[in-house]
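All of the numbers you see were taken from the coordinates with simple rules; none came from a lab. Everything numeric here is computed off the predicted structure, so don't read it as measured data. All Cβ positions, even for glycine, are placed from backbone atoms using ideal geometry, and neighbour counts span all protein chains on display.
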Amino acid sequence: MDTSSASLDTYVRMGLRVQKIINSPTAQKAKAALIFRLPEEPVDEWERLLEEIGENDNVTLAYRDDGGVQIFWVVPKED
């Protein structure tokens with residue numbers, strides 16, 4: 001296995017983990033989720049994921065002093 005596919009695999013697993021947190025009933029009800037980078041997750045991959053999350057409309061990221069990232073979102077009203 002080359003390092004690029006190993007890195008992609010790590011990124012995909014990290015994305016799926018964060019997606020599960022965001023999609024949890026509690027987070028969906030609150031329209032907010034608190035996420036943390038796990039020690040084995042590369043910092044550059046984590047920053048890339050946060051950047052991609054932050055690019056979404058109606059999403060706000062709040063970086064906490066404890067290393068966590070609070071994600072807030074609003075669901076736009078249908079016209």
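Some notes on this structure:
- Rounded FRET efficiency, nearest 0.05, which uses the C-beta distance separating residue 74 from residue 16 and R0 of 22 Å: 0.35
- Ranking of 78, 41 by count of other Cβ atoms within 10 Å, fewest first: 78, 41
- Likely footprinting exposure, 29, 20, 77, fewest C-beta neighbours within 10 Å first: 77, 29, 20
- Degrees, to the nearest 10: 3-22 long Cα axis against longest axis of the chain: 20 degrees
- Helix-only CD estimate at 222 nm, as mean residue ellipticity for the chain, using -39500 (n - 2.57) per DSSP H run (n ≥ 4): -15000 deg cm²/dmol
- Dipole size of region 3-73 about its Cα centre, with +1 on Lys/Arg Cβ and -1 on Asp/Glu Cβ: approximately 440 debye, rounded to the nearest 20.
- Options (1) 16.7, 55; (2) 13.8, 49; (3) 12.4, 42 - which one matches Rg and Dmax of the Cα atoms in Å as calculated here: (2)
- As a proxy for reagent exposure, 59, 18, 75 were ordered by neighbouring Cβ count within 10 angstrom, fewest first; the result is 75, 59, 18.
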